Amino acid sequence: MTARPLPTRDAIHRIRPYRPGKPLQEVERELGITGAVKLASNENPLGPSPAALAAMRAAAPEVAFYPEDTCHTLKRALAAHVDLPEECLFLGNGSDEVLHSAALTYLNPGDNTVMAVPSFVMYETDTLVADAEPRQVPVRDFLHDLPAMLDRTDERTRLFFVCNPNNPTGTYLSHSDIADLLDRLPDTCLLVFDEAYYEYADAPDYPCALDFVRQGRSILVTRTFSKIYALAGLRIGYGMARPDIIQALQQTRPPFNVNSLAQAAAEASLADDTQVTRSRECNQAAKTYLSEAFQERGVAFVPTQANFMFVDTARDARRVGEEMLRRGVVIRVGDWIFAYPTYLRVTLGTPAQNRRFIEAFDAARSALPQWREPSVAAGTAA
Ligand code: PMP
């Protein structure tokens, strides 16, 4: 039976589907190889804290019951960790859900949002789902172009997204940049400050965004347990803001949105400094190793504050990605291809994974002609 497609909301047709990195098992099956390496989704190669795994095992028998809806015990631990009152915290099914809730809470049809491009793609999707208009402003020298973004901001701009450090470029804005931005934004606009990679950032002038929350500014800071805490598969992230903003977000939150294993693992992770320190050290070592390797080869890359690097292959990056995939190394090329067609994004891995990446990178570059022509002008997102 061929059913006629059902009518959908118009917004559905404008949404670009999110393309997650290919799972390793799928790559290995397709290529008929083993030992492939995935450096495509900015996951933590060291894995979660043993304490988190133990907490999950202990919580497992309880999965017949719905989870604690308010994340009561986790919230208490998190409040102590970030030094904010519990009423300033919102827990989500990944920070993705916090961003989605912000869009559902603050956007009416006819409103708009402002964001950089390339940046995290869900800002655009969440805006479209809420029937609002995403205004994408090309980055300048790989950085959010705040003056240009402010030029696109008007009285119908409800959300202004800043990804810090920015995915995929790894660049960051400083504390004074953000202080200045908050002074300039209209008072009807919420600054959504996405710090998914916060724990990796170490620049001395990196923002203390929670100071702005404590000052009662209109800012929602989002963070996640998916990256340094290595709990991506559990889906848990959080937002921090003034209590009135948190209360508004609660209106759009589905019940029981954070599962019980995630709550248990996140709480245990917060208590394990060792895992965080080891992960930072591993990341720093990878950054040094890859920076030197790129320098030796005369390859341009963007200095990063995150757990990934944005690298100029000086070739058609899509073809570089295919060549590397054939050699069992999965990296990311894609959403930014319209602006940076020669760039790939690689997640910083273990020493062995990084060496493997460089081998495949060298082989792919040797196999392909130099190529610099952008296929489409920067900033015109397809
Ligand atoms: N923000 C940024 C910048 C990201 O890169 C990601 C995931 N890759 C997220 C938010 C969402 O992360 P999660 O839902 O796993 O917390």
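List pairs: first residue in region 231-246 and open to solvent by 10 Å² or more (accessible area, probe 1.4 Å) and modelled with pLDDT of 95 or more, second residue part of a helix (DSSP H, G or I) and near the ligand (Cβ under 9 Å from one of its atoms) anywhere in the structure, Cβ distance under 9 angstrom, at least six positions apart or on different chains.
R235/D96; R235/E97
Sort through P61, P45 and tell me the only one that's at pLDDT 95 or above and open to solvent by less than 70 Å² (accessible area, probe 1.4 Å).
Values: P61 fails: open to solvent by less than 70 Å² (accessible area, probe 1.4 Å).
P45 is the lone residue from the list that is at pLDDT 95 or above and open to solvent by less than 70 Å² (accessible area, probe 1.4 Å).
Do the conditions hold for L99, that is, is it open to solvent by 20 Å² or more (accessible area, probe 1.4 Å), within 16 Å of the ligand (Cβ to nearest atom) and out of contact with any Lys or Arg (no Cβ under 6 Å at 6 or more places or on another chain)?
Taking the combined requirement at face value, the residue does not satisfy it.
So which helices (runs of 4 or more DSSP H) stay within region 241-340 end to end and still have 1 or more residues that are of a type in the set (S, T, Y) and closer than 20 Å to A352 by Cβ? Step through it out loud before you land on a result.
Values: elements: 243-250, 260-270, 273-297, 317-326.
By residue number, 273-297.
Are there any strands (runs of 3 or more DSSP E) wholly within region 103-192 with 1 or more residues that are touching a helix residue (DSSP H, G or I) at 6+ places or on another chain (Cβ under 9 Å), more than 14 Å from the ligand (Cβ to nearest atom) and closer than 25 Å to A300 by Cβ, and if so which? Working first, answer last.
Details: elements: 112-117, 133-138, 157-163.
Qualifying strands (runs of 3 or more DSSP E): 133-138.
Condition (residue is among the basic types (K, R), within 16 Å of the ligand (Cβ to nearest atom), open to solvent by 60 Å² or more (accessible area, probe 1.4 Å) and not in a helix (DSSP H, G or I)) applied to region 20-42: is it met by at least one residue? Before the answer, list the steps.
Initial filter on region 20-42 (among the basic types (K, R)): 22, 29, 38.
Within this subset, residues satisfying the condition of being within 16 Å of the ligand (Cβ to nearest atom) are 22, 38.
Then keep just the ones that are open to solvent by 60 Å² or more (accessible area, probe 1.4 Å); that gives 22.
Filter once more, so that each one left must be not in a helix (DSSP H, G or I): 22.
There is at least one residue in region 20-42 that is among the basic types (K, R), within 16 Å of the ligand (Cβ to nearest atom), open to solvent by 60 Å² or more (accessible area, probe 1.4 Å) and not in a helix (DSSP H, G or I).
Given the residues M115, M122, which is the only one that is under 18 Å from the mean Cα position of the chain (by Cα) and more than 21 Å from R217 (Cβ to Cβ)? Before the answer, list the steps.
Numbers: M115 fails: more than 21 Å from R217 (Cβ to Cβ).
Checking each option against the conditions leaves just M122.
Could you grab the pairs with beta carbons closer than 6 Å, sequence gap of 6+ or different chains, first residue in region 94-111 and under 11 Å from T224 (Cα atoms), second one among the β-branched types (V, I, T) and near the ligand (Cβ under 8 Å from one of its atoms)?
From region 94-111, the pairs are S95/T222; S95/T224; V98/T222.
The values are calculated or read from the model by the stated rules, or taken from the named source; none is laboratory data. The structure displayed is predicted, hence computed values, not measured ones. Please note: Cβ atoms are built from the backbone with ideal geometry, for glycine as well, and neighbour counts cover all protein chains shown. What goes into the accessible areas is simple: the full protein's heavy atoms, side chains included, and nothing from ligands, DNA or RNA. Shrake-Rupley method; radii C 1.70, N 1.55, O 1.52, S 1.80 Å.
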